[in-house]
Amino acid sequence: MSPTFEELTVGQEIDSRSIDVTRQDLVKYAGASGDFNPIHWNEAFATSVELPGVIAHGMFTMGAAVQLVSDWAGDPAAVVDYQTRFTKPVLVTDTTGTSEAGAVIDVTATVGALDAEARTARIDLTVMAAGQKVLMKSQAIVKVASAN
Amino acid sequence: MSINPDLQGRSYPAAEVYDVGREKIREFAQAVKATNPAHFDVEAAKALGHKDLVAPPTFAIIVAQRADAQLVQDPDAGIDFSRVVHADQRFTHHRAIVAGDRLVAELHVDGVRAMGGGAMITTRSEISTVEGEKVATTTSSILVRGEGQ
């Protein structure tokens, strides 16, 4: 069931999710997005530019983090605006050949603000990896239908 | 190499057309671990009132980064891509992107600010259909790290 505007309150948690990330996921995202920067798939290159290792595309994290909002809204097109700042890189260790994740991204979505005139909710995302906030001011504006 | 301060206010006209395909929407949706049926099943998308498969909320990055490439690859800009860090990103959708759309992007350089030995560059892509219908506005800031940053 899609949410209705009247049942939302500021501060309410709408969903949370843990996302497992592997090096293969980053290769898939590189191919799908066209962003082939080697810091996202080559350890030697990443460390040569003073990174601790291979890191996820910021856009992978941003794209994956909003999925619980799309699912909550029912229609992905209800997400009319989505922004974030990238504050910390998500380091993805090489777990190729195992069933282990190379990183885990934890996402919590809460209602940050409601606009009764526009019938939109601002959904604020808290996005953590390895105990650090990796996105800041991560906010999606979602169109929400009225009860009747 | 240093960033050309005269970049601010520059714009790059819409270049090649980006044809939004169903398989690309499915591929991108899988890559961001989306499972909403509206990205995969045409009937599910139509049941929500869409013409065809709906792109995920960050799909426009493909079109925007192609437009950004014009700036990053412009020798006159002085940007060393290996020192670029993505600082922030925003998508404003005027309507949903759906399969079958033919999109173009006009790139604007809205800000250039010195940061230590590097610079923060803010760009905006105005994405529309080839017929001129506004589809999305994306804004992005990149930090070009200076030496030792």
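Quick notes
- Candidates B:A67, B:A55, B:A77: whichever shows maximal mean-square fluctuation once chain B is modelled as a Gaussian network with Cα springs under 10 Å: B:A77
- A:S2-B:E106 FRET efficiency (beta carbon distance; Förster radius 25 Å; 0.05 resolution): 0.10
- Phi angles across the range B:19-36 convert, under the Karplus curve 6.51 cos²θ - 1.76 cosθ + 1.60 with θ = phi - 60°, into 3J(HN,Hα) values of 8, 7, x, 4, 5, 5, 4, 5, 5, 5, 4, 4, 5, 9, 6, 7, 10, 4 Hz, Gly and Pro given as x.
- Euclidean distance between Cα centres, the range B:7-54 to the range B:76-124, Å: 19
- With N counted as the residues of the range B:45-93, its alpha-carbon radius of gyration over 2.2 N^0.38 Å works out to 1.62.
- Here, the protein assembly as shown yields an orientationally averaged convex hull projection of 16.1 nm² when only Cα atoms define the hull.
- Sorted by Cβ neighbour density within 10 Å, fewest at the top, the residues B:I97, A:I141: A:I141, B:I97
- With Cα atoms as the point set, the range B:5-144 shows a radius of gyration and Dmax of 16.3, 53 Å.
- Principal-axis analysis of the Cα atoms of chain A puts helix A:23-33 at an angle of about 60° to the longest axis.
- Filter on B:K46/B:K134; A:K28/B:K134; A:K137/B:K24 - keep pairs with C-alpha separation over 26 Å: A:K28/B:K134; A:K137/B:K24
- Taking Cα atoms only, the orientation of helix B:61-72 departs from the longest principal axis of chain B by about 20 degrees.
- Considering helices alone, the calculated mean residue ellipticity of chain B at 222 nm is -5500 deg cm²/dmol, with DSSP H runs of length four and up weighted by -39500 (n - 2.57) and normalised per residue.
- B:F81/B:M115 FRET efficiency (R0 25 Å; Cβ-Cβ; nearest 0.05): 0.90
FYI, it's all coordinate maths here, none of it is from the lab. Everything quoted here is computed from the prediction, not taken from an experiment. Reconstructed Cβ throughout: ideal geometry from the backbone, glycine too, with neighbour counts over all protein chains shown.
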